[in-house]
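Single-structure report; data block below.
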Amino acid sequence: MNPYLDADLVALADQARKFAADRIAPGFQERDRTRALDRSIMKAMGAMGFIAPELPEEFGGLGLGSLAAGVIHEEIARADLSLSYISLLASLNGQILAHHGRPDVVKPWLARLTAGEALLAIALTEPRGGSDAAGLRLRVERDGDHYLVNGEKTSISAADQADAAVVFGRTGSVESGAHGVTALLVPMDLAGIGRSRFDCHGQRAIGRGSLFFDNVRVPVSHRLGDENKGFVQVMQGFDFSRALIGLQVLAVARVALEETWAYVAQRQAFGRPLSGFQGVSHPLAEFDTQVEAARLLCLQALWLKDKGAPHSAEAAMCKWWAPKLAYDAIHQCLLMHGHGGYDRGPMEQRLRDVLGFQIGDGTAQIMKTIVARARAGREAVPA
C-alpha cells in the first residue's frame, strides 16, 4: 500500500510497465551501442498518452496531474533510462511553454510534444559554467520584431536530436545576474544554428552536446515569460523535473535490486544460496530500504505539487540524494553479480546511465544549498 498512489495510478503504472516491457526494454542495449533514439517509440508513447500527461487537455495532455506523470516516468525508466528522458524533457518543457508562452505559438509545439512527434531540449548550461546558471553569457539582443541570439550552450541533452529548445540568454547586463536573463523557444531549423554531440559515458541514446548560435533570428513572439525575467520565472518549473529525476534513477535501482535478489537467491556457493550469507543479503537489504524511502520522498514532492503546496526543498532533496543512492545501489548489485555484472550488459549500462545525474540538472551542492535556505532562510545562507 502506497499512501500517494490510488487504484487509478496503480493501474496507470501497470499499463506503462507493460508498454515499456514490450516496446522499450528489448532495444535497451542496442540503443546504447548505436546511440540512436527510436522516434517510433516516441510516437507510440504519445499515442498511449504517456508524454506529459499532466498538461491540460487544451495543450495536448490528459490533465492527470504530476503524480501520474511520475508513475509513468519511472516505468519507462525501468526499461531504459535514456528513453525516459523523452518524458522528462517533455514534462519540464511542457510546463514552461504552457505557463509562459503565447498560446498561438506554443500550442502547436505542445500538440507535437505530447503526440511524440517533437523533442524539445532545455538549453541553459554554458562553457563558462553550469551551476552558476544566472551568470549566463549567451547574448539575446532585440532587433525590431526579432531577437538576435549569439553564443554557445553546452552539455545539452538531446542537443543534436531536438526539434526545438528552450534557450536562456542574457538581455540585461552581466551584473544584473538572474534578473537580466530571457527565455526563448527556438526552433532548431533556424538559420545560424550549429550542433555537436559528445561521446558520453552513459545515457547514450539521448546524448548530450553543444548548440551554437550565430546571429540566429528568433521572433519576439517566441519569448517565454517577460524580458529579463525568464530565469526567475521559468526556473520554478525545475522543482517538478527534480522530483521526476529522483523517480527516474530510483526506478533503475529498483529493477537492479529485483534482479539481484533473484540472482543471489538461486546462485549457490559453499552448499547454500548466496543470499544465505549476511555479507550478501544485508547490503542489499540496506539499499532496498533506502531506495524505498527515497521513492516515497519523490512521490511526496509530486503530491505537494499537485496540491499547490511549496515543494522546492523536497524536490532538491530528491535531486541530490536519489542519483547518488541509485548509483551506489546499482554498483553493489553489479558486484553481487561478480564477473557477469562487470561484463558489458544491463547492469553496467545502468551504472553508466545514472551516474550523469550526479552532474547535470543541478549538482548535489546546489541542491543542498536550496534545502539549507528553506530551513534557515535565504539571508542565513547567502549565495
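FYI, it's all coordinate maths here, none of it is from the lab. No experiment lies behind these values; they were computed from the predicted model shown. Heads up, the Cβs are rebuilt from the backbone with ideal geometry, glycines too, and the neighbour counts pull from every protein chain shown.
Structure above, values below:
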| read-out | value |
| --- | --- |
| Ranked by how many other beta carbons lie within 10 Å on average, peptides 314-320, 22-28 from highest | 314-320, 22-28 |
| Dipole axis of the chain (+1 Lys, Arg; -1 Asp, Glu on Cβ), positive-most option in 48, 301, 28 | 28 |
| Equivalent ellipsoid semi-axes - Cα gyration tensor, segment 235-380, angstrom | 34, 15, 12 |
| Extension reserve of the residue 293-residue 104 stretch, reckoned as 0.36 nm per residue once the Cα distance is removed | 63.8 nm |
| Residue-averaged 222 nm ellipticity for the chain, from DSSP H runs of 4+ at -39500 (n - 2.57), nearest 500 | -16000 deg cm²/dmol |
| Long-range HN-HN contacts of residue 208 with modeled amide H, under 5 Å | 158, 198, 200 |
| Nearby aspartates and glutamates by direct alpha-carbon distance to residue 368 (threshold 20 angstrom, same-chain neighbours under 8 apart not counted) | 132, 239, 314, 328, 379 |
| Order by protection proxy (mean Cβ within 10 Å, highest first), peptides 268-275, 325-332 | 325-332, 268-275 |
| Folded to 0 to 90 degrees: helix 364-376 orientation relative to the chain principal axis, Cα | 80 degrees |
| Protection-proxy order for peptides 356-363, 342-349, each taking the mean of Cβ atoms within 10 Å per residue, highest first | 356-363, 342-349 |
| Angstrom value of the Kirkwood radius, inverse mean 1/r, which spans all Cα pairs in segment 20-89 | 12.3 Å |
| Taking the chain and dividing mean pair separation by its residue count, relative contact order in percent (alpha carbons under 8 Å, at least six apart) | 16 percent |
| Amide H partners (placed H, <5 Å) of residue 224, local residues excluded | 183, 184, 185 |
| Beta bridges per DSSP with both ends in the chain, % antiparallel, nearest 5 | 85 percent |
| In order through segment 73-80: 3J(HN,Hα) via Karplus (6.51 cos²θ - 1.76 cosθ + 1.60), integer Hz, x for Gly, Pro | 4, 6, 6, 5, 5, 4, 7, 6 |
